[in-house]
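Working notes, structure below.
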Amino acid sequence: MAKEKGNDITYEVYHGTSRTNANVIVKQGFKITHNEEHWLGYGAYFYLEIDLAEYWARNQHQNFGTKSSTMDPAILKACLRVTPSSVIDMRILGDYNDLKKMYREFFNECKEALTKHGLIGEIKSQNTANKLRCAFFNWVNQNYEVEVVIGTFQKKSKYIIYNDDKTEQMWDTMRTPFIEVQVCVFDPKLITDICVLERE
């Protein structure tokens with residue numbers, strides 16, 4: 001969770017990866033990769049929950065075409081120190097509504113280019129939706145000096161325990177979804193105190 005300290009906010013965040021990658025990151029810091037389907041734009045990605053970072057590190061998955069290795073997983077712990085005005089936190093109603101206003105501005109400003117590249121109109125695939133979302137958050141970063149986005153995602157994931165079909169259906173009727181939270185950091189200089197966290 002965020003902790004107030006003067007005018008800054010400090011977040012404790014976690015990143016799951018291989019031990020080889022973790023050792024490189026501790027020495028050299030995080031590098032920002034550019035992929036037009038990134039969840040929240042071009043940035044370094046973290047979880048606020050250590051268990052989600054550990055799941056990511058320990059389980060095989062596709063990462064934008066690159067298959068991860070589950071051999072020798074590691075969890076990195078880091079701190080983010082940021083000014084409140086540079087953070088969009090989608091868990092907060094005011095920030096969420098601000099983001100929707102930004103989207104209207106983005107849409108109007110970029111309508112012609114987005115249409116040309118097939119990113120608006122009828123979105124025919126998840127791939128197209130992902131590109132549009134990534135383009136929008138990159139635009140937010142460039143136009144509003146937002147350095148950190150805390151995003152929320154409602155999805156059924158492998159790390160959630162599922163019951164038999166009948167029990168699961170009853171659970172769904174209670175409308176208690178798991179909301180995953182990810183943190184995207186656009187500027188790696190904000191990421192400090194990086195260390196490998198040992199867990200049994």
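The values are calculated or read from the model by the stated rules, or taken from the named source; none is laboratory data. Remember, it's a predicted structure, so these values are computed and weren't measured experimentally. Cβ placement follows ideal geometry from the backbone for every residue including glycine, while neighbour counts extend to all protein chains displayed. Protein only, heavy atoms only, side chains kept; ligands, DNA and RNA dropped before computing areas. Shrake-Rupley method; radii C 1.70, N 1.55, O 1.52, S 1.80 Å.
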If we scan the range 159-169, do we find a residue that is touching a helix residue (DSSP H, G or I) at 6+ places or on another chain (Cβ under 6 Å), open to solvent by 20 Å² or more (accessible area, probe 1.4 Å) and assigned to a strand (DSSP E or B)? no
Residues of the range 170-200 that turn out to be surrounded by fewer than 12 Cβ atoms within 10 Å (Cβ to Cβ) and in contact with a Phe, Trp or Tyr (Cβ under 6 Å, 6 or more places away or on another chain), as a count: 0
So which pairs qualify, if the first residue must be in the range 87-114 and surrounded by fewer than 17 Cβ atoms within 10 Å (Cβ to Cβ), the second must be among the hydrophobic types (A, V, I, L, M, F, W, C) and not in a strand (DSSP E or B), the Cβ gap must be under 6 Å, and the two must be at least 6 apart or on different chains? TYR96/MET90
Counting just the residues of the range 130-147 that are aliphatic (A, V, I, L, M) and in a helix (DSSP H, G or I), which one comes out least open to solvent (accessible area, probe 1.4 Å)? VAL140
Cβ-Cβ below 6 Å, separation at least six or inter-chain, first residue in the range 46-67 and modelled with pLDDT of 85 or more, second part of a helix (DSSP H, G or I) and buried (at least 18 other Cβ atoms within 10 Å of the Cβ): which pairs? TYR47/ALA53
